[in-house]
Amino acid sequence: MHHRDDDANLYGVLEVDPGATEDEIRRAYKRLSTLFDPNSMVVYGLYRLAEAQRLGERLRLAYETLVDPEKRRGYDRQLYPQGHPSLRRADQRVASVPPTPRPDAPADPIAALGLAEDTPLTGEVLAKVRQVCHVTLEEIADRTKIPMFTLRCIEGDQFADLPAPVYLKGFLKQIAGMLNLSPDQLVADYMGAYSAWEIESARNKRWG
Amino acid sequence: MSQRDAAPDPPDELAAAPTATDEETIDVEEADDEQDLSQELSSLVGEIPWTDQPTEPLVIAFAGGKGGAGRSLLAANVGLLLSRLGREVVVADLDPGGSNLHTYLGLEPILPTPGSLLRQPGPPRIERLSGTHLSLCRPPRPMGTGADDPLRAEALQAALDTASDVVILDLGAQADPLTLDTYLAADAGIVVVLPEPVAVERSYAFLRAALYRRLMHGDDEPAVVARALLAADQVGQLDTPADLVDALEGVHPNAAAAIRARVMAFNPKILINKCRARADRDMGAGMVSAVGRRLGINAEDLGGVEYDDAAWEATRRRRPLLLEYPGSTLGNDVERMARRLLALVGARELRG
């Protein structure tokens with residue numbers, strides 16, 4: 001669910017990735033400022049007038065900060081004192097190295113575990129793969145900047161505590177990169193199980 | 001049994017060959033187009049993992065919005081479409097305001113005798129539309145004429161008991177408890193919205209009511225804790241589900257997690273009907289964004305259905321739209337919408 005934390009930083013306010021390009025930021029602002037304009041039919045009956053106006057102000061402030069390279073750099077320094085988490089920004093592309101497996105990791109960890117090729121990549125399998133690749137959760141957290149808590153939830157299939165799917169998919173791809181797994185397959189399998197859980201919890205609560 | 005074998009015999013009206021030579025070419029072309037689309041849809045329906053002996057039918061509910069939004073017309077025609085693809089379908093009329101599903105299917109209304117308004121009027125009526133795999137299930141007297149909830153509940157049960165592949169529910173525009181519970185229990189709950197402020201506002205009111213019923217109805221601990229917290233909130237600080245979850249976090253983390261999971265698992269489908277402008281068709285995506293941001297709901301956009309005089313014409317003749325105007329813009333939009341719906345539900349069924 002969209003949470004107030006999602007609005008805690010300006011990227012969240014504009015619903016863009018911290019590595020979004022200037023063009024993506026412009027498009028996001030155009031879409032959201034039109035959508036949440038107090039006169040827009042889409043907010044009628046959903047936001048009070050004053051709330052829609054405040055949201056409009058927040059969107060404008062976020063846009064003005066992020067669309068200006070100078071202001072954005074300043075803001076990023078304040079938001080990420082440890083360095084920007086994104087690999088997508090041109091000025092960081094050279095500096096950052098994408099997560100890679102350890103040299104002693106098996107090329108096909110699924111086969112190394114003696115599992116069938118099409119074994120669904122759930123959290124449990126992921127934990128085994130990580131062990132056979134000789135990687136600790138701390139190392140993954142260090143390389144990818146994914147919080148330890150989230151990594152534990154991913155391996156524990158604790159779906160309720162995971163971040164929004166859009167972030168989760170990005171995390172999974174990074175993890176796949178460190179474990180010699182196909183990013184697409186990991187995302188497909190894991191998000192499949194995630195959706196199944198969503199349905200399951202919906203079904204369990206069907207009658208209120 | 002393949003999909004094609006399972007396809008029902010085409011209704012007489014469609015099979016009737018034109019006699020005039022000058023019309024023949026056009027009609028044949030239309031028939032070809034229709035066949036293409038039908039085949040495409042057949043193959044899509046074929047991908048959905050229907051079991052040979054379905055334990056539970058796929059339940060699709062049309063609700064929300066306001067009167068005249070087009071729920072009944074859409075329910076009837078989506079039902080007809082799926083039945084023509086060989087699925088056993090029952091559409092159930094559960095509109096507490098008294099809907100007219102029968103009119104959209106060309107079936108007779110039930111004219112109540114004065115006695116049936118006073119006595120228990122008997123079991124729900126199930127009637128098959130001849131030449132199809134579609135049945136209409138409705139209460140034994142028109143709704144909106146008395147204490148109707150038990151009659152609606154019986155009709156719902158009767159529809160679910162028919163051992164059909166698909167059960168389509170026309171729930172009307174109200175947000176009474178029975179409607180909300182039925183909507184929440186459906187595999188796909190569709191809110192039909194018109195691109196105008198009154199309908200948009202009503203739809204949000206419906207979604208809010210459904211969401212909070214899902215979060216807080218019942219005697220389980222999370223619901224009880226959440227109700228107590230909201231009851232204590234006299235200044236209205238807990239304005240959104242996110243506020244509620246935040247507040248619960250402090251007093252009862254398990255309840256907070258349960259409530260958050262319930263919000264996330266609520267996936268209403270939004271359909272914009274009677275679109276006249278391009279922007280109208282994009283409204284569903286906008287509403288999905290807006291409810292996501294404001295209420296934290298993961299809604300899904302079913303797209304737009306064109307405003308089309310064919311609907312009005314077909315209804316005036318009391319004939320099913322898809323039979324009367326198979327190639328109309330509206331007919332095509334209904335097919336497209338059904339396809340998107342099946343894809344959404346199908347993906348789910350596959351994983352679930």
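The values are calculated or read from the model by the stated rules, or taken from the named source; none is laboratory data. Given the structure is predicted, the values throughout are model-derived calculations rather than measurements. Glycine gets a Cβ as well: all are built from the backbone with ideal geometry, and neighbour counts include every protein chain shown. Heads up: the accessible areas ignore ligands, DNA and RNA and are worked out on the full protein's heavy atoms, side chains in. Shrake-Rupley method; radii C 1.70, N 1.55, O 1.52, S 1.80 Å.
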**Which listed residue, of A:188, A:196, A:202, is within 14 Å of chain B (Cβ to nearest Cβ), surrounded by fewer than 16 Cβ atoms within 10 Å (Cβ to Cβ), part of a helix (DSSP H, G or I) and modelled with pLDDT under 85** = A:196
**Request:** Tell me which residues, restricted to the stretch B:268-293, are of a type outside the set (A, V, I, L, M, F, W, C), open to solvent by 20 Å² or more (accessible area, probe 1.4 Å) and not in a helix (DSSP H, G or I).
**Result:** B:274, B:276
**Prompt:** Within the stretch B:55-144, which strands (runs of 3 or more DSSP E) (wholly inside it) include 3 or more residues that are over 16 Å from the mean Cα position of the chain (by Cα)?
**Reply:** B:125-128
**Message:** Against the condition open to solvent by 20 Å² or more (accessible area, probe 1.4 Å), charged (D, E, K, R), away from chain B (no Cβ under 14 Å) and in contact with a Pro (Cβ under 7 Å, 6 or more places away or on another chain), how does residue A:143 come out, does it pass?
**Reply:** yes
**Asked** In this structure, is residue B:297 in contact (Cβ under 8 Å) with a residue 60 or more places away in the chain, closer than 30 Å to residue A:161 by Cα, buried (at least 18 other Cβ atoms within 10 Å of the Cβ) and within 11 Å of another protein chain (Cβ to nearest Cβ)?
**Response** yes
**Request:** Select from the stretch B:225-242 the residues that are more than 22 Å from residue B:292 (Cα to Cα) and among the charged types (D, E, K, R) and write down the one among them that is most open to solvent (accessible area, probe 1.4 Å).
**Result:** B:227
**Prompt:** When both residues are 6+ apart or on different chains and their Cβ atoms are under 6 Å apart, which pairs have a first residue that lies in the stretch A:161-180 and is closer than 15 Å to residue A:128 by Cα, and a second that is open to solvent by 40 Å² or more (accessible area, probe 1.4 Å) and in a helix (DSSP H, G or I)?
**Reply:** A:176/A:183
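Okay, residues lined up against (1) open to solvent by less than 50 Å² (accessible area, probe 1.4 Å); (2) farther than 14 Å from residue B:93 by Cα; (3) out of contact with any Cys (no Cβ under 8 Å at 6 or more places or on another chain); (4) modelled with pLDDT of 90 or more:
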position: B:115; (1), (2), (3), (4): yes, yes, yes, no
position: B:122; (1), (2), (3), (4): yes, yes, yes, no
position: B:125; (1), (2), (3), (4): no, no, no, yes
position: B:129; (1), (2), (3), (4): yes, yes, yes, yes
position: B:148; (1), (2), (3), (4): yes, no, yes, no
position: B:155; (1), (2), (3), (4): yes, no, no, yes
**Prompt:** Restricting attention to the stretch A:116-126, does a residue exist that is more than 14 Å from chain B (Cβ to nearest Cβ), at pLDDT below 90 and open to solvent by less than 20 Å² (accessible area, probe 1.4 Å)?
**Reply:** no
**Item:** the stretch A:1-31, residues that are facing chain B (nearest Cβ under 9 Å) and either part of a loop (DSSP other than H, G, I, E, B) or modelled with pLDDT of 95 or more (or both)
**Value:** A:1, A:2, A:3, A:15
**Request:** For residues that are of a type outside the set (Phe, Trp, Tyr) and open to solvent by 40 Å² or more (accessible area, probe 1.4 Å), scanning just the stretch B:302-314, find the one that is farthest from the other protein chains (Cβ to nearest Cβ).
**Result:** B:313
**Prompt:** Could you list, in sequence order, the residues of the stretch A:146-162 that are open to solvent by 40 Å² or more (accessible area, probe 1.4 Å) and within 16 Å of residue A:187 (Cβ to Cβ)?
**Reply:** A:157
**Request:** Pick out the one residue from B:285, B:255 that is within 14 Å of chain A (Cβ to nearest Cβ) and within 30 Å of residue B:231 (Cα to Cα).
**Result:** B:255
**Message:** Return the residues of the stretch B:211-221 that are within 10 Å of another protein chain (Cβ to nearest Cβ) and assigned to a helix (DSSP H, G or I); say none if nothing qualifies.
**Reply:** B:213, B:214, B:215, B:216
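For every residue, the table says whether it meets (1) surrounded by fewer than 22 Cβ atoms within 10 Å (Cβ to Cβ); (2) under 19 Å from the mean Cα position of the chain (by Cα); (3) assigned to a helix (DSSP H, G or I).
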{"position": "B:162", "(1), (2), (3)": "yes, yes, no"}
{"position": "B:168", "(1), (2), (3)": "no, yes, no"}
{"position": "B:174", "(1), (2), (3)": "yes, yes, no"}
{"position": "B:204", "(1), (2), (3)": "no, yes, yes"}
{"position": "B:209", "(1), (2), (3)": "yes, yes, yes"}
{"position": "B:223", "(1), (2), (3)": "yes, no, yes"}
{"position": "B:244", "(1), (2), (3)": "no, no, yes"}
{"position": "B:249", "(1), (2), (3)": "yes, no, yes"}
**Complete:** For the stretch B:149-190 the number of residues that are farther than 15 Å from residue B:88 by Cα, in contact (Cβ under 8 Å) with a residue 60 or more places away in the chain, more than 14 Å from every other protein chain (Cβ to nearest Cβ) and out of contact with any Ser or Thr (no Cβ under 7 Å at 6 or more places or on another chain) is 4
